[in-house]
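Working notes, structure below.
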Amino acid sequence: MTYAGHHLAELNVGRLLAPTDDPRVAEFMDALDKVNGLGKRMPGFVWMMEGSGAPGTGNTENCIAGDPQSVANLTVWTDIASLEQFVWNTVHRQFYQRRAAWFEVLDAMHFVMWWVPQGHRPTLKEGLDRLEHLRANGASAHAFGWDWLDEAQLWKRRSCTAATELSQ
């Protein structure tokens, strides 16, 4: 499902297990620019919020409740296939699989997608509002996850098994 004249926005939030300068999260922090840079060069990439994925950057737009260990990654893609390609078929997947090494396990949904008009740059507040809507109301055209998209298939084969094994 794609909407003419629209792009796909996604927000992923998390909380690091330790401060950004702690050796326990150093591998993640050291790879952030590389992974974000790869994403920006992918076919279908449109836009990334400044400081995406980087807590404590001083960018007030990227701050969640004033928590210096919070991480917010907000991007826009031309379509689902482009985002799927980046998430599941690049080095990003390796970091996703190892997220339990660097991030707290959250007790609530932490990822949301929604359609935005082409040219629109969503704010972190907009993304957090969509995430809250998804948590409160379930998936809809307003806010959804991978499972709501019929054409999204890679997440079914590539995400759950490794993530489950890592958390055990």
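Could you tell me whether segment 126-133 includes any residue that is at pLDDT below 95 and either surrounded by fewer than 16 Cβ atoms within 10 Å (Cβ to Cβ) or of a type in the set (Val, Ile, Thr) (or both)? Full working, then the answer.
Initial filter on segment 126-133 (at pLDDT below 95): none.
No; the residues of segment 126-133 include none that is at pLDDT below 95 and either surrounded by fewer than 16 Cβ atoms within 10 Å (Cβ to Cβ) or of a type in the set (Val, Ile, Thr) (or both).
Say we look at segment 22-65 and pick out the residues that are charged (D, E, K, R), farther than 18 Å from Thr90 by Cβ and part of a helix (DSSP H, G or I); which of these is modelled with the lowest pLDDT? Show your work before the answer.
Filtering segment 22-65 down to residues charged (D, E, K, R) leaves 22, 24, 27, 30, 33-34, 40-41, 50, 61.
Okay, now just the ones that are also farther than 18 Å from Thr90 by Cβ, so 22, 24, 50, 61.
With part of a helix (DSSP H, G or I) added as a condition, the list becomes 24, 61.
Details: Arg24: 95, Glu61: 52.
So the residue we want is Glu61.
Would you pick out the residues in segment 85-96 that are open to solvent by less than 40 Å² (accessible area, probe 1.4 Å) and polar (S, T, N, Q)?
Scanning segment 85-96 gives a single hit, Thr90.
Among the residues of segment 83-119, how many are out of contact with any His (no Cβ under 8 Å at 6 or more places or on another chain), at pLDDT 95 or above and more than 18 Å from Gly14 (Cβ to Cβ)?
Looking only at that region, the number is 1.
Checking the condition within 23 Å of Phe45 (Cβ to Cβ), within 17 Å of the chain's Cα centre (by Cα), modelled with pLDDT of 95 or more and among the aliphatic types (A, V, I, L, M), which residue from Ala143, Ala72, Ala152 passes?
Details: Ala72 fails: modelled with pLDDT of 95 or more; Ala152 fails: modelled with pLDDT of 95 or more.
After applying the criteria, what remains is Ala143.
For Asp30, which of the numbered conditions (1) touching a residue at least 24 places away in the same chain (Cβ under 8 Å); (2) among the charged types (D, E, K, R); (3) open to solvent by 60 Å² or more (accessible area, probe 1.4 Å) fails to hold?
(1)
The values are calculated or read from the model by the stated rules, or taken from the named source; none is laboratory data. Please read all numbers here as calculations on a predicted model, not as lab measurements. Cβ: placed from backbone, ideal geometry, glycine included. Neighbour counts: every protein chain shown. Just the protein is used for accessible areas: all its heavy atoms, side chains included, with ligands, DNA and RNA removed. Shrake-Rupley method; radii C 1.70, N 1.55, O 1.52, S 1.80 Å.
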